[in-house]
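K.L.:
Next up is a structure, given as structure tokens.
What follows draws every value from the coordinates through simple rules; no lab data is involved. Worth saying up front: this structure is predicted, and the values here are computed from it rather than measured. Virtual Cβ from ideal backbone geometry, glycine too; neighbours counted across all protein chains shown.
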Amino acid sequence: MFKRSLFLGTVLAGMAVLATALPASKAAAQVTLRNVMHSDLKIIDPIWTTAYIQRNYGYMVYDTLFAMDEKFEVKPQMVDKHEVSADKLTYTFTLRDGLLWHDDQPVTAEDCIASIKRWGARDSMGQKLLSVVKEFQAVDAKTFKLILKEPYGLVLQSLGKPSSNVPFMMPKRVAETDPMTQISESIGSGPFMFKRDEWKPGDKAVFVKFAKYKPRAEPPSALSGGKVVKVDRVEWLAIPDHQTAANALIAGEIDYMEQPTHDLLPVLKAEKEIGIIDWNPLGNQYTFRFNTLHKPFDNEKVRQAVYYAFNQEDFLKAVVGDAAYYKLCKSMFPCGTPLESMKGTEGILESNFAKAKALLKEANYDGTPVLLMHSTDLSVLTNLAPVAADLMRKAGFTVDMQSMDWQTLVARRSKKEPPAQGGWNAFLTSWVAADILNPVMVGFLNASCEKAMFGWPCDPEIEKLRDAFAKETDPAKQKAIAEQVQARAIQYGTHIHLGQWYQPAAIRKQVVSGFLTAPAPVFWNVTKK
């Protein structure tokens, strides 16, 4: 069972702090939502990394100029109104009245310009946008212009990008931090304030309602609309053992569990006080990522051999298990979305070891070990690397699987050094479907060499096609371009999709309500009795 004494000690300590800071009547009225997230919060820069716990943190603390609603339509968020010139080259944005940073300073146009530039230096979609931006102009404190070199069809979709990396707005002094350097401040303009003084990595992260946040008037819809906070305090508690977290939920010691393991779902469903909610019905896609800088994956044929060695079902059975929560899907764009396609997938992902061995022979593979990073502390990832290692060995690869926690892996994957000097060759992760809806949005399809995401693929043909997609407005022509991108990416070997899977959350349904359907778990609109 959950270590109740330790948990209650933490709670009582927190209550004591509140009691000394507030009159007794207000302290007693505090409503605290207690949650176990999928990972511990150790980094507080949501632009520096694509890890989803940092994205989740970002939506608590920061706000966005635009946001995606339940219909995947982009709506104004911090922006009050915007105009596009007749020649489609100038976008003028005016911020809403009353926007404040958590230090009570007003949000300005210059803050937003600096934030877009920092996000755009790191994000795949942002890089494409900035490549066609001629200049930014701050017209006044609340208005700025984005002026393009040529018409570009994804301006608002880029600024309203829903998941990692999200174009969160930050104060200018923070946003001017080198994009390759982590920020240390946690000042946003979002609906919650981060309590740095209570942050204890490995224990808990605390957020409190930002009383001066001004929500939009319209109802919430996914990540858009009115972000009305209905609790005083949100705690993310680090409980790495899933059974312990599930027991805490059943006992009423926590209110929400973001990612219960699939084998625990039947147990939780049997509890009358527990509800199962599917906050992300489009699901997720498992992915194997190559590092193309170093042997052996600097060779295209060696990368191709992995495509033939793998099959999706082995990975999905090892991690998810229950077929009700996974789907075989070779498409690089999620099955069930407009750009779903099987173009270029013929013959791959069927564990054809003879074909894989033949490709390794053609590539003169010399047995160079593949340093495969293995994440051990996230249940939805833990079993992926062992399956990959087994299938690769059957195909003739030498594999050096090194185990580490997810945050260590996140830090290591940014290193370009050779594996022997602290670098890596491959790792596995998962993308929320909303992150991979089109070729410009998919971070792992960025093949712009040193500007690409970790793995650093370098292919002018993929980049030319992604540019063409961004400038095309006809949906039928966009789909044709997306198919060409997918076929070329498979031929080159940017990454491998390993199947679609679904992850419901668990809540105390008699106590909490109001969780929204969205690409990320958000805590505005949530009420607690």
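K.L.:
If you stretched the chain out fully between L100 and E300, how much longer would it get, using 0.36 nm times the residue separation minus the C-alpha to C-alpha distance?
P.N.:
Roughly 67.0 nm would be gained on extension.
K.L.:
Using a cut-off of 16 Å between alpha-carbon atoms, which lysines can reach K204, once sequence neighbours fewer than 8 places away in the same chain are excluded?
P.N.:
Here the lysines satisfying the reach criterion relative to K204 are K3, K42, K195.
K.L.:
Could you tell me which of the pairs K71/K134; K330/K479; K71/K161; K317/K394 are separated by over 20 angstrom between their Cα atoms in the structure shown?
P.N.:
K71/K134, as the Cα separations exceed 20 Å there.
K.L.:
For T64, what charge total do you get from the other residues with a beta carbon under 11 Å from its beta carbon, if Lys and Arg give +1 and Asp and Glu give -1?
P.N.:
Value of the local net charge: +2.
K.L.:
In whole Å, how far is the Cα centre of the stretch 307-330 from that of the stretch 77-148?
P.N.:
Using only Cα atoms to place each centre, the spacing works out to 41 Å.
K.L.:
If you restrict to DSSP beta bridges whose two residues both lie in the chain, what percentage is antiparallel, to the nearest 5?
P.N.:
80
K.L.:
Could you list, in their original order, any pairs among K145/K477; K81/K117; K128/K214; K117/K464; K230/K327 whose Cα atoms are separated by more than 25 Å?
P.N.:
K145/K477; K128/K214; K230/K327
K.L.:
So what is the 222 nm mean residue ellipticity for the chain from helices alone, if each DSSP H run of at least 4 adds -39500 (n - 2.57) and you divide by all residues, rounding to the nearest 500 deg cm²/dmol? All intermediate terms of the calculation are to be shown ahead of the outcome.
P.N.:
Details: 17 runs with 159 residues, N = 529.
That comes out to -8500 deg cm²/dmol.
K.L.:
Shape call for the stretch 284-501 from the C-alpha gyration tensor, a ≥ b ≥ c root eigenvalues: rounded (a/c under 1.5), prolate (a/b greater than b/c) or oblate?
P.N.:
On the way: a/c = 1.42, a/b = 1.27, b/c = 1.12.
It comes out rounded by the Cα gyration axes.
K.L.:
How much net charge surrounds A217 when only other residues with a Cβ under 13 Å from its Cβ are counted (Lys, Arg +1; Asp, Glu -1)? Each step should come with its number before you reach the end.
P.N.:
Details: positive: K75, R96, K214, R216, K227; negative: D80, D97, E218.
That sum, taken over residues with Cβ under 13 Å, equals +2.
K.L.:
Magnitude of the Cβ-charge dipole of the stretch 284-501, K/R +1 and D/E -1, about the Cα centre, nearest 20 debye?
P.N.:
So the dipole magnitude of the stretch 284-501 works out to roughly 220 debye.
K.L.:
Moving to a separate point now. Specify whether the C-alpha gyration tensor of the chain places it in the rounded, prolate or oblate class, a ≥ b ≥ c being the square roots of the eigenvalues: rounded for a/c under 1.5, otherwise prolate if a/b is larger than b/c and oblate if not. Intermediate values should be presented prior to the final figure.
P.N.:
On the way: a/c = 1.83, a/b = 1.19, b/c = 1.53.
In terms of gyration-tensor shape, oblate.
K.L.:
With a point put 7 Å past each Cα toward its Cβ, work out how far K416 is from Q182 in nm, to one decimal.
P.N.:
2.1
K.L.:
Tell me whether the stretch 391-529 comes out rounded, prolate or oblate; compute the Cα gyration tensor, take square roots of the eigenvalues as a ≥ b ≥ c, and use a/c under 1.5 as the rounded threshold.
P.N.:
oblate
K.L.:
Please report the relative contact order for the stretch 175-328, taking Cα pairs under 8 Å with a sequence separation of at least 6, and give it as a percent rounded to a whole number.
P.N.:
12 percent.
K.L.:
If I take every Cα pair under 8 Å that is 6 or more residues apart in the chain, average their sequence separation and divide by the length, what percent do I get for the relative contact order?
P.N.:
That works out to 19 percent.
K.L.:
Sticking with this one: Check each of the trypsin sites (Lys or Arg not before Pro) in the stretch 256-318 and keep only those in coil by DSSP with at most 12 other C-beta atoms within 10 angstrom; list them in order.
P.N.:
K272
K.L.:
To continue, here is another question. Counting alpha carbon pairs within less than 8 Å and at least 6 residues apart, what relative contact order, in whole percent, applies to the stretch 289-427?
P.N.:
It rounds to 31 percent for the stretch 289-427.
K.L.:
Sticking with this one: By residue number, which cysteines of the chain lack any other Cys whose Cβ falls under 4.7 Å from their Cβ?
P.N.:
Among the cysteines of the chain, those whose Cβ sits 4.7 Å or more from every other are C112.
K.L.:
Let me ask something additional. Suppose every K and R has +1 on its Cβ and every D and E has -1 on its Cβ; what is the size of the dipole of the stretch 188-275 about the Cα centre, in Debye to the nearest 20?
P.N.:
Approximately 640 debye in magnitude.
K.L.:
Taking the Cβ of K195 as the center, what net charge do the other residues with Cβ under 11 Å away carry, scoring Lys and Arg +1 and Asp and Glu -1?
P.N.:
+1
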